[in-house]
Each structure stands twice: as structure tokens, then as C-alpha cells.
Amino acid sequence: MRIYECADYRAMSRQAANVISAQVIMKPDCVLGLATGSSPVGTYEQLVEWYGKKDLSFARVKSVNLDEYWGLSGTHPQSYRYFMQEHLFDHVDILPENTYVPNGLAEDAGAECARYDRLIESLGGVDLQLLGMGRNGHIGFNEPGDCFELGTHIIELAPSTIDANKRFFASEDEVPRQALTMGIRHIMQAKKILLVVSGEDKADALAKALTGPVTPKLPASILRLHPDVVLVADKAALSRLDNREGVMTV
Ligand code: GLP
């Protein structure tokens, strides 16, 4: 794993956007696995800026998002489809028909999960998977559990996740209790993974993910088994990592 320590959120976002931009420039028809949450917002802002300067084009890119709240339509302002339109898709030249997010309003969750897995396979898998990490170490919405769930699945959100995400909703009651999420298989099968982590409240989980046991109780820990992971984090997020060997300061 390559670890970049950045001074702050802005520097982290710029570094992460560099990795994505390099991917898109090297392989213009790549498949990007995309993430939501506050961690990648600055990364998307930077990409939109560079797109505006004509540094890169998304015209041939396809994207698959990690997850979606179960029960929210893509027009709901807190849905992940809406987030992606607002922060990236509406501002760059990616073709709408090449952007995929699980359907939170599908009739049958199981069928939607199977469809999403087939879709990822039909695209040939993910070239670069962008990930944030929850305070409890979740990736996508793969919450801590007794085993790693491999395929796209429906998940009960952990109380700590509902608590963390309630800031985006009018009240805690409005936070959906379930979500659809890509499973560990397609995340780990991505050719390259870019993990962005920011803030002191992630420091404990990040240190454990990097140095503790690989366990489904801390889903991000499995990333250590992937051959090509770039972690881009700010100082605060890396503040509990004792072993600084290999950490590059940018
Ligand atoms: C959300 C998303 C994840 C995200 C995580 C952290 O619930 N499902 O994909 O990485 O929680 O979010 P944030 O970056 O806002 O801390």
C-alpha cells in the first residue's frame, strides 16, 4: 500500500484527484468505481476544475457507484445518485447512460443486487475504485460483521453510521435504515484502489485497518490484501499511526 500524508483536506483532495486524473488520461475508456460522502467531495471539485481547464475528459469513462440508500429515489437530495449528479456528473462530459448507481427504489432488492453484479461484470470490472471509510471502518456500506459479504447486497446500517449520516437529513428518523452496497468481491477485484480518509474521527479506525488484524469486524482492513492500494489521508486521519515507515508526506 502506498500511503500519502497530506497537510489538510484540500491537499488530500488534490492528491486524490491526481490519481484519478492519471487513470483517466492513461485509459480514457476506463471504468471508475465512485464513492459518496464528505471525504471525496473535494476530490470531485478538483476534477471538475481540471475538466474546466480541458486537462481531462470523461467522454469515454464509465462509472459504477458503490452504494445507494434503500428506499430513496435518485431525485431525493440525500440519495447517492443525486450526490453524484451534484458533485460530478452534471459538471463534466461523462455520458448519463454511462453512469451507474444501484436503484434504491427497485421492486426487489435481491434482483437489483444481482443485476448490479452482472452489470459490473459486463463492464469488465472496475479499473480504479475510489473509497472513503466510515468511522467504524466500513467501505461502501459494507458494515462491520462476522464475514465479508462478497456480492452486492442489502445491508442494515449500523447505528453509528445512521448517527454519522444524520447530519445530512432533517432528522435522524429520516435516515434510511438500509442500503444497497457493492460487496467486497468487486471492490477487491478492482485493478487499483484509492482510499481517501480525512479527519481525527477516522484516525482510530484507520490505524487499526493498517496495522491490526484483517477482519470483517473492520472491513477496510481487507484492503491490505490488495496489491495496488493508494491511501491518501490528511495528517489528522493518520495521527494514530505509530509506524510511519513508508508514509510519504506530500
Ligand atoms: C457513507 C458511505 C461511504 C463513505 C462513508 C464515510 O456512509 N456509504 O461510502 O465512505 O460513509 O463518509 P464520510 O466521507 O462522509 O465520512
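Summary of computed values
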item	result
Residue match in segment 78-86 (condition: outside any helix (DSSP H, G or I), over 19 Å from VAL175 (Cα atoms) and within 16 Å of the ligand (Cβ to nearest atom))	no
Top-ranked residue in segment 148-161 [being modelled with pLDDT of 95 or more and not in a strand (DSSP E or B); ranked as most open to solvent (accessible area, probe 1.4 Å)]	LEU150
Condition check for MET1: touching a strand residue (DSSP E or B) at 6+ places or on another chain (Cβ under 7 Å), farther than 24 Å from GLY124 by Cβ, open to solvent by 40 Å² or more (accessible area, probe 1.4 Å) and among the aliphatic types (A, V, I, L, M)	yes
Count - residues of segment 31-69 that are surrounded by 21 or more Cβ atoms within 10 Å (Cβ to Cβ), away from the ligand (no atom under 12 Å from the Cβ) and in a loop (DSSP other than H, G, I, E, B)	2
Per-region count, segment 172-198, residues within 14 Å of the chain's Cα centre (by Cα) and assigned to a loop (DSSP other than H, G, I, E, B)	4
Among the residues listed as PRO77, PRO96, the single one being open to solvent by 20 Å² or more (accessible area, probe 1.4 Å) and under 26 Å from ALA22 (Cα atoms)	PRO96
Selection count where residues are in contact (Cβ under 8 Å) with a residue 60 or more places away in the chain, within 27 Å of CYS30 (Cβ to Cβ) and under 15 Å from the mean Cα position of the chain (by Cα), scope segment 136-166	5
Test: residue in segment 209-219 that is open to solvent by 10 Å² or more (accessible area, probe 1.4 Å) and touching a strand residue (DSSP E or B) at 6+ places or on another chain (Cβ under 6 Å)	no
Whichever residue in segment 99-125 is in contact with a helix residue (DSSP H, G or I) (Cβ under 8 Å, 6 or more places away or on another chain) and assigned to a helix (DSSP H, G or I) and, among such residues, is surrounded by the fewest Cβ atoms within 10 Å (Cβ to Cβ)	ASP117
Residue check for LEU180: within 20 Å of TYR82 (Cα to Cα), out of contact with any Cys (no Cβ under 8 Å at 6 or more places or on another chain) and open to solvent by less than 20 Å² (accessible area, probe 1.4 Å)	no
Any chance PHE169 is among the aromatic types (Phe, Trp, Tyr), within 15 Å of the ligand (Cβ to nearest atom), over 16 Å from the mean Cα position of the chain (by Cα) and surrounded by fewer than 18 Cβ atoms within 10 Å (Cβ to Cβ)	yes
Positions within segment 199-250 being part of a helix (DSSP H, G or I), within 17 Å of ALA7 (Cβ to Cβ) and under 16 Å from the mean Cα position of the chain (by Cα), in sequence order	LYS202, LEU206
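The values are calculated or read from the model by the stated rules, or taken from the named source; none is laboratory data. Note that this is a predicted model, so its numbers are computed, not measured. As a convention, Cβ positions derive from the backbone with ideal geometry for all residues, glycine included, and neighbour counts pool all protein chains shown. Accessible surface areas use protein heavy atoms only, side chains included; no ligands, DNA or RNA. Shrake-Rupley method; radii C 1.70, N 1.55, O 1.52, S 1.80 Å.
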